There are 2 protein chains.
Amino acid sequence: MNTFSEILKRNSLSITDGRIKILELFYASDGALAHADIEKNAGLVLDRVTVYRTLQTFVEKGIIHQVPTTDNSVLYALCRQNCANGHHHDNHVHFVCNQCQETVCLDDVTVPAVKLPAGFKPIQSAMIVTGLCNNCK
Amino acid sequence: MNTFSEILKRNSLSITDGRIKILELFYASDGALAHADIEKNAGLVLDRVTVYRTLQTFVEKGIIHQVPTTDNSVLYALCRQNCANGHHHDNHVHFVCNQCQETVCLDDVTVPAVKLPAGFKPIQSAMIVTGLCNNCK
DNA sequence: TAAATATTTGCAACAATATTGCAAAAAATA
DNA sequence: TATTTTTTGCAATATTGTTGCAAATATTTA
Ligand SMILES: [Mn+2]
Ligand SMILES: [Mn+2]
Ligand SMILES: [Zn+2]
Ligand SMILES: [Zn+2]
């Protein structure tokens, strides 16, 4: 039993070709993936709808998280911390490269606190930095 | 000639009922507006397509800016700084209230700088804070 | 291992959101 | 006011995401 099967098993998910294929794609990628990226790479094996459902399941299980974007696209990336079952701990900064268009999780960079006007109570913060990544600079 | 007409004139845009109506909606609203909000309030006067085109035009002219969101919805808000023709200066924090669901621009709260890993060159930053707003706390 | 059960998948239909071309209408200019 | 330019509405089309359901596959039980 390979790593991907183990991940599925650990999360009480049935081991299927589609799920393994999608896990492979995430582990092979440096950056975040859009639904379209996955469909393009696994489209011969998987139906559109299955991709949607798999991504949803993986988010629920804490295997991947939705990446915030400024262009209202939907991106997903692996959870490196041990997130589980609806409890995500991804308070890290996300970086979008203007050159290669990749979006990467800066897992070690925590979103800084910020002083809000009186009366505002912060609960969660997200931060997206755009610029040039370490490959493109 | 009223304020809204002047705004349009200043931006070399024809003065039309639709554009004035949409400006009115933005100036009457505390928070950011979605396309659907505008359509709901101006739908009798305006076609869906005209709303899309007007929002796009206003963004290009620097009258409004797209508000970053974490739920891949598209929101727009007035530019308070003097943004113009593709040059936006909206490096302020955006706040989403979990209670009333409003998204507001915290125009006076600047997105803090953050230390990135070696090789990453930041150009622009966006920050979205969720929590309870000053009306709902 | 084979049968029974539970889960996942693909397909088709549908819904919501957004874009485009083009002729009619309205606004700006002469 | 006549001419020119810009904007608008409509219809058609594209893109993205959701749902119900039967067939296929995976897991569990015996
Ligand atoms: Mn991330
Ligand atoms: Mn804003
Ligand atoms: Zn890059
Ligand atoms: Zn509120």
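The values are calculated or read from the model by the stated rules, or taken from the named source; none is laboratory data. Being a predicted model, the structure only gives us computed values, none of them experimental. With ideal geometry, Cβ positions are generated from the backbone for all residues, glycine too; neighbour counts draw on all protein chains shown.
Can you tell me which of B:93, B:49, B:74 is facing another protein chain (nearest Cβ under 8 Å), at negative phi and at pLDDT 95 or above?
Matching residue, one of B:93, B:49, B:74: B:93.
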Scope the stretch B:18-36; condition surrounded by 15 or more Cβ atoms within 10 Å (Cβ to Cβ) and hydroxyl-bearing (Ser, Thr, Tyr); matching residues: B:29
Take the conditions farther than 24 Å from residue B:100 by Cβ, surrounded by fewer than 17 Cβ atoms within 10 Å (Cβ to Cβ) and not polar (S, T, N, Q) and apply them to residue B:15. Does it pass? yes
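Yes or no, residue by residue, for (1) small (Gly, Ala, Ser); (2) away from DNA strand D (no atom under 16 Å from the Cβ); (3) buried (at least 18 other Cβ atoms within 10 Å of the Cβ):
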{"site": "B:97", "(1), (2), (3)": "no, yes, yes"}
{"site": "B:100", "(1), (2), (3)": "no, yes, no"}
{"site": "B:112", "(1), (2), (3)": "no, yes, no"}
{"site": "B:118", "(1), (2), (3)": "yes, yes, no"}
{"site": "B:123", "(1), (2), (3)": "no, yes, no"}
{"site": "B:127", "(1), (2), (3)": "no, yes, yes"}
{"site": "B:132", "(1), (2), (3)": "no, yes, no"}
{"site": "B:137", "(1), (2), (3)": "no, yes, no"}
Can you say whether residue B:118 is in contact (Cβ under 8 Å) with a residue 40 or more places away in the chain and of a type in the set (A, V, I, L, M, F, W, C), as far as the supplied structure shows? no
Give the stretch A:43-84 a look and list any residue that's farther than 12 Å from residue A:105 by Cβ, within 13 Å of the chain's Cα centre (by Cα) and aromatic (Phe, Trp, Tyr), or say none. A:58
Of all residues in the stretch B:96-114 being in a loop (DSSP other than H, G, I, E, B) and facing chain A (nearest Cβ under 7 Å), which is farthest from ligand 1 (Cβ to nearest atom)? B:98
Would you confirm whether any residue within the stretch A:40-53 is out of contact with any Pro (no Cβ under 6 Å at 6 or more places or on another chain), under 29 Å from residue A:135 (Cβ atoms) and among the aromatic types (Phe, Trp, Tyr)? no
Selected residue [among the hydrophobic types (A, V, I, L, M, F, W, C) and either at pLDDT below 95 or within 10 Å of DNA strand D (Cβ to nearest atom) (or both)] from B:32, B:42, B:28: B:42
